1. Would you mention how many residues in region 6-59 are under 11 Å from the mean Cα position of the chain (by Cα) and of a type in the set (S, T, N, Q)?
2. Among the strands (runs of 3 or more DSSP E) confined wholly to region 36-113, which include 1 or more residues that are in contact with a Leu (Cβ under 9 Å, 6 or more places away or on another chain) and either open to solvent by 10 Å² or more (accessible area, probe 1.4 Å) or free of Cβ contacts under 8 Å to residues at least 12 places away in the same chain (or both)?
3. Starting from region 115-136, take each residue that is open to solvent by 100 Å² or more (accessible area, probe 1.4 Å) and list its partners that are part of a strand (DSSP E or B) and modelled with pLDDT of 95 or more, counting only C-beta distances under 8 angstrom and pairs at least six apart or across chains.
Amino acid sequence: MSKIPFKSEVRVRYAETDQMGVVHHGNYAQYLEMARIEWLDELGVTYKSMEESGVMLPVVSLLTNFKRPAYFDDLLTITTSLKELPEVKITFEYKIHNQKGELLTTGETTLVFVDMKTKRPMRCPEYLMNRIKSKN
């Protein structure tokens, strides 16, 4: 299975840094969310359309491994990939590099497909699975 990598970029804003000028660790969850949304957009599926069709995707696991700091005004490239074909859960892997190409952070998020009416887990919607398989 192809992991369907997609690259997105974000420039570090001053408000995202601490007194040492380093990106505060709490901002990485937002960076990963932005990259995940852009990954889905690239497939032609939006969070909004999923929610309109009755599907939620809550995060059940977030892992980050900080290797080097990111600083104010760094241009970060976030590579988002699928870990495996989704079933009830979908797991994304991330690599964040700075403009020098240095690996700063790796991460992984796992989300669960949830039926908005029943609030119960469900299988990956067929329309999303078809888009993923068409990229392989």
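1. Residues that pass the stated criteria total 2.
2. 59-66, 89-97, 103-112
3. From region 115-136, the pairs are Arg120/Val114.
The values are calculated or read from the model by the stated rules, or taken from the named source; none is laboratory data. Everything numeric in this text was worked out from a predicted model, so none of it was measured. All Cβ positions, glycine included, derive from the backbone under ideal geometry; neighbour counts span all protein chains shown. Note: areas computed on protein heavy atoms with side chains; ligands, DNA, RNA excluded. Shrake-Rupley method; radii C 1.70, N 1.55, O 1.52, S 1.80 Å.
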